[in-house]
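Asker: One structure, as structure tokens, below. Some questions next.
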Amino acid sequence: MRTFCRTAYVLILCISCSSYESDTAEAVGQDENSFDVVAQLALMLSGEFDSSDQAAEARSYYNVHLWGCEAEAPDLDGVALYIEQALSTDQTNPYRQRLYHLTQLEPSEDGEARAQSVIYRFTSPAALVGTCAEGGLPSFALDELELREGCEVELTWNGRSFVGATTGQECSSSVGGDYSVSDIEIFDDRIESWDRGYYDSGVQAWGATDGPYIFERIGH
């Protein structure tokens, strides 16, 4: 197993820094009251991923590269991550660049820890390309960010993964169709993300039709 003690806000999870899975077990198992759901979510979203295995098995899926890394957004409370997605064959031209603003929510009725990811896009995204790969720490003011209203995702921690989705038809589509929906499940070793766009008629405009993209972790 590879160690991952990436940033200060996840040090509470790296109690022994022995392995990625043991970090999760210790954070939950030792004292449930001390479990930091936002830090855990940030930890599992951070790193380098790709969908090469899935693309090799199913021609309808592209080989997509995904990076997630810490960002600074002083005007926002909580934790910020810069997320970048690009075709693996053209990583200098990402097709999606977002800021995820992570905050804690009240537990579910069953007592499960929950967090929310609010999505922003950038007014000048070109300057950010490759930031995660280069080990940079991007910093943003509010006037450099554009809120994607209705696109926030509420995520519930079930003890081994985060599960969440957008709600309704309030997230407008920026690449075709009238609205977009997202379903996501985040594990220690992978992210399963299913983004689709639809017309108001219910006809799908874009996105995978057979299930989520599976981004396997390939680096920290």
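Asker: Answer yes or no: is there a residue in the range 162-177 that is exposed (fewer than 15 other Cβ atoms within 10 Å of the Cβ), among the β-branched types (Val, Ile, Thr) and more than 17 Å from residue 99 (Cα to Cα).
Answerer: yes
Asker: Assess whether residue 206 counts as being free of Cβ contacts under 8 Å to residues at least 40 places away in the same chain, surrounded by fewer than 18 Cβ atoms within 10 Å (Cβ to Cβ) and within 25 Å of residue 56 (Cβ to Cβ).
Answerer: yes
Asker: Could you list, in sequence order, all residues of the range 115-144 that are assigned to a loop (DSSP other than H, G, I, E, B) and of a type in the set (Gly, Ala, Ser)?
Answerer: 124, 130, 133, 135, 136, 141
Asker: If you take the residues of the range 151-208 that are outside any strand (DSSP E or B) and β-branched (Val, Ile, Thr), which of them is farthest from the chain's Cα centre (by Cα)?
Answerer: Restricting to residues being outside any strand (DSSP E or B) and β-branched (Val, Ile, Thr), the top hit is 203.
Asker: Name, by its number, the condition in (1) over 15 Å from the mean Cα position of the chain (by Cα); (2) surrounded by 15 or more Cβ atoms within 10 Å (Cβ to Cβ); (3) more than 27 Å from residue 109 (Cα to Cα) that does not hold for residue 136.
Answerer: The failed condition is (2).
Asker: While we're here: What do you reckon, is residue 111 out of contact with any Leu (no Cβ under 6 Å at 6 or more places or on another chain) and on the phi > 0 side of the Ramachandran plot?
Answerer: In short, yes.
Asker: Moving on. Which of the residues spanning the range 95-114 are assigned to a loop (DSSP other than H, G, I, E, B) and either among the small types (Gly, Ala, Ser) or under 18 Å from residue 144 (Cα atoms) (or both)?
Answerer: Answer for the range 95-114, where residues must be assigned to a loop (DSSP other than H, G, I, E, B) and either among the small types (Gly, Ala, Ser) or under 18 Å from residue 144 (Cα atoms) (or both): 108, 111, 113.
Asker: Here's something else I'd like to know. Check 86, 80, 56 and return the single one that is among the small types (Gly, Ala, Ser), over 19 Å from the mean Cα position of the chain (by Cα), at negative phi and modelled with pLDDT of 95 or more.
Answerer: Answer to the check: 56.
Asker: Here are some conditions: (1) at pLDDT below 95; (2) on the phi > 0 side of the Ramachandran plot; (3) within 18 Å of the chain's Cα centre (by Cα). Residue 4 meets all but one. Which one does it not meet?
Answerer: Of everything listed in (1) at pLDDT below 95; (2) on the phi > 0 side of the Ramachandran plot; (3) within 18 Å of the chain's Cα centre (by Cα), residue 4 misses just condition (2).
Asker: Here is a check on your reading of the model: is residue 75 modelled with pLDDT under 95 and farther than 20 Å from residue 147 by Cβ?
Answerer: So residue 75 does not fit the description; no.
Asker: Please go through (1) touching a His at 6+ places or on another chain (Cβ under 8 Å); (2) hydrophobic (A, V, I, L, M, F, W, C); (3) surrounded by fewer than 17 Cβ atoms within 10 Å (Cβ to Cβ) for residue 118 and return the number of the only condition it doesn't satisfy.
Answerer: (3)
Asker: Considering only residues of the range 64-84 that are among the charged types (D, E, K, R) and assigned to a strand (DSSP E or B), which is surrounded by the fewest Cβ atoms within 10 Å (Cβ to Cβ)?
Answerer: If we take residues in the range 64-84 being among the charged types (D, E, K, R) and assigned to a strand (DSSP E or B), then 72 is surrounded by the fewest Cβ atoms within 10 Å (Cβ to Cβ).
The values are calculated or read from the model by the stated rules, or taken from the named source; none is laboratory data. This structure is a prediction, so every number in the text was calculated from the model and none was measured. Note: ideal-geometry Cβ built from the backbone for every residue, glycine included; neighbour counts use all protein chains shown.
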